[in-house]
Amino acid sequence: MSTFTFCKLDKTDAASILPQMFRILYTNMTKIAPTGCTYEEDEAMWLSYASEQMTKEYPEYILMYKDDAMIGYFQYSVEGDTLMADEVEITPEYQRTMAFYRLCVYLYQSLPGHIRWIESYVNKENANSLKINQKLGLEVIGENKNGTSWHLRGDTKKLKAFLRVSSDS
């Protein structure tokens, strides 16, 4: 039986992982936010940006695997008592499976004890993502500066209730 596994990205190994992450991102973004650039142009721009991010404390990344294949990643930052869910990318064949739910369980169980809030931004064109965030207990509290994304926030207690996990699991 194959299983989902998760691990935190060791940023010193990022150079070998970033091209895989970009392939997943590109597959998803061409559907909801195409840039009009070629794959190679988008990849060069993203790899430059992502490589720079690897030199900073945040964001951090959780890599998602099914058996030995990377199927997605979660990018996040922590500020005070808030975890900002910057980005979740899952390959199309594992969307609408238990992969995202398993990621949420893993994240909840890995959260530092002082985290009380989870926030995210969801593209207004991505109704599925909005619905998922709301199921996790996040509520719309505003929008981004250019009005293209909803800003959501939720208490980790609501996430715990949704995931049906105990504090000591």
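The values are calculated or read from the model by the stated rules, or taken from the named source; none is laboratory data. Since we're looking at a predicted model, the values are computed, not measured. Here Cβ is always computed from backbone atoms with ideal geometry, including for glycine, and neighbour counts include all displayed protein chains. SASA here: full protein model, heavy atoms, side chains in, ligands and nucleic acids out. Shrake-Rupley method; radii C 1.70, N 1.55, O 1.52, S 1.80 Å.
What is the spin-label model distance, in nm, from GLU125 to CYS37 if the labels are put 7 Å beyond Cα along the C-beta direction?
1.7 nm
Per DSSP helix of 4 or more residues, -39500 (n - 2.57); summed, then divided by the residues of the chain. What does that give at 222 nm, rounded to the nearest 500?
Value at 222 nm, helices only, nearest 500: -11500 deg cm²/dmol.
Given the options PRO112, SER48, PHE74, identify the residue whose Cα lies farthest towards the positive end of the charge dipole of the chain (+1 on Cβ of Lys, Arg; -1 on Cβ of Asp, Glu).
PRO112
Just subtract the alpha-carbon distance of GLU143 and LYS8 from 0.36 nm times their residue separation and send over the number in nm, one decimal.
That works out to 45.7 nm of additional length.
For SER149, tell me the accessible area in Å² from a 1.4 Å probe, rounded to the nearest 10.
About 20 Å², rounded to the nearest 10.
So which of LYS135/LYS160; LYS66/LYS160; LYS56/LYS145; LYS56/LYS158 end up more than 22 Å apart, counting from Cα to Cα?
LYS66/LYS160; LYS56/LYS145; LYS56/LYS158
If VAL140, VAL78 are ordered by their accessible area, calculated over protein heavy atoms with a 1.4 Å probe, which sequence runs from highest to lowest?
So the residues, ranked largest to smallest area, are VAL140, VAL78.
Highest GNM mean-square fluctuation, the chain, Cα pairs closer than 10 Å: which of ASN146, ASN126, ASN28?
ASN146
Given a Förster distance of 30 Å, report the FRET efficiency between ARG23 and HIS151 from their Cβ-Cβ distance, rounded to the nearest 0.05.
According to the calculation, E is roughly 0.60.
Translational diffusion coefficient of the chain at 37 °C, 0.692 mPa s, Stokes-Einstein with Kirkwood Rh over Cα pairs, in µm²/s as a whole number.
195 µm²/s
Let me cross-check TYR101: its accessible surface, 1.4 Å probe, with only protein heavy atoms counted, in Å² to the nearest 10?
Approximately 60 Å² of TYR101 is accessible to the 1.4 Å probe.
Any idea of THR156's accessible area? Nearest 10 Å², probe 1.4 Å.
About 20 Å², ignoring ligands and nucleic acids.
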